[in-house]
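Beneath this line is the structure, given in structure tokens, with notes to follow.
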Amino acid sequence: LTTLLTQPATEIFLHANWGWYEPAIGVNYGYYQNDYWRQFEETLEAFSRAGKKINVIGSFPVWNPTLPQRLAKFFRVNGNVPETLNLPEIPAVTSVDAKLKDVTLRTGHRFISVLDDLCPDKSCRVIIKGKEGKQVLLQWDSIHPTREGGALISRQILKNFEQNQSFP
């Protein structure tokens with residue numbers, strides 16, 4: 001935090017596995033849970049005091065078991081691989097994003113949703129077109145995007161950023 005606060009950049013993008021601290025989604029060691037949102041708000045307030053504008057990138061879909069494991073199971077049952085797949089954990093992930101958005105906007109920063117683009121109606125994109133039109137996975141494990149998935153998400157973030165230049 002100290003390094004970011006003292007850098008000359010006035011605008012910063014933050015992303016993390018936000019659900020890591022929520023027991024309904026990921027691993028939770030307990031030592032963050034009670035104070036996590038308060039600490040996150042204090043961090044954003046520190047950025048504000050330092051004159052920094054923060055773009056908080058929301059959650060990615062969280063697959064447990066991993067996306068490849070879910071697609072393999074789907075293929076065994078249905079004989080094909082879908083472009084979208086139901087994500088039962090979406091209520092927990094969107095709950096984290098709602099908290100994240102609330103704290104981010106309350107402290108005067110910008111929230112950029114990834115889930116709005118990737119997971120409309122509780123069904124998330126899982127397959128995208130890669131080089132030469134070949135189908136590739138959007139994510140290679142529970143949360144990390146593939147190279148092509150990262151490029152798609154980056155384009156979506158940039159589009160959202162360009163459409164919403166002003167801070168709250």
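Figures for the structure shown
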item	result
Filter result (more than 17 Å from the chain's Cα centre (by Cα), loosely packed, with under 13 Cβ neighbours inside 10 Å and part of a loop (DSSP other than H, G, I, E, B)) within region 84-135	Lys134
Which listed residue is within 17 Å of the chain's Cα centre (by Cα), open to solvent by 20 Å² or more (accessible area, probe 1.4 Å), over 22 Å from Gln163 (Cβ atoms) and at pLDDT below 90, from Trp18, Trp37	Trp37
Hits in region 44-63 - residues which are crowded, with 17+ Cβ neighbours inside 10 Å and either out of contact with any helix residue (DSSP H, G or I) (no Cβ under 9 Å at 6 or more places or on another chain) or among the β-branched types (Val, Ile, Thr) (or both)	Ile54, Val56, Ile57, Val62
Given (1) aliphatic (A, V, I, L, M); (2) surrounded by 13 or more Cβ atoms within 10 Å (Cβ to Cβ); (3) farther than 30 Å from Glu41 by Cα, number of the condition Val77 does not satisfy	(2)
Unique match (being in contact (Cβ under 8 Å) with a residue 40 or more places away in the chain, under 16 Å from Gly149 (Cβ atoms) and over 19 Å from the mean Cα position of the chain (by Cα)) among Val62, Val81	Val81
Any hit, region 145-159, residues being polar (S, T, N, Q) and part of a strand (DSSP E or B)	no
Residue within region 154-163 that is over 17 Å from Leu85 (Cβ atoms), modelled with pLDDT under 90, basic (Lys, Arg) and loosely packed, with under 13 Cβ neighbours inside 10 Å present	yes
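The values are calculated or read from the model by the stated rules, or taken from the named source; none is laboratory data. This one's a predicted model, so the numbers in the text were calculated from it and none came from an experiment. Methodologically, a virtual Cβ is constructed for each residue, glycine included, from the backbone with ideal geometry; neighbour enumeration extends over all protein chains shown. Areas reflect the complete protein model, heavy atoms only, side chains present, ligands, DNA and RNA absent. Shrake-Rupley method; radii C 1.70, N 1.55, O 1.52, S 1.80 Å.
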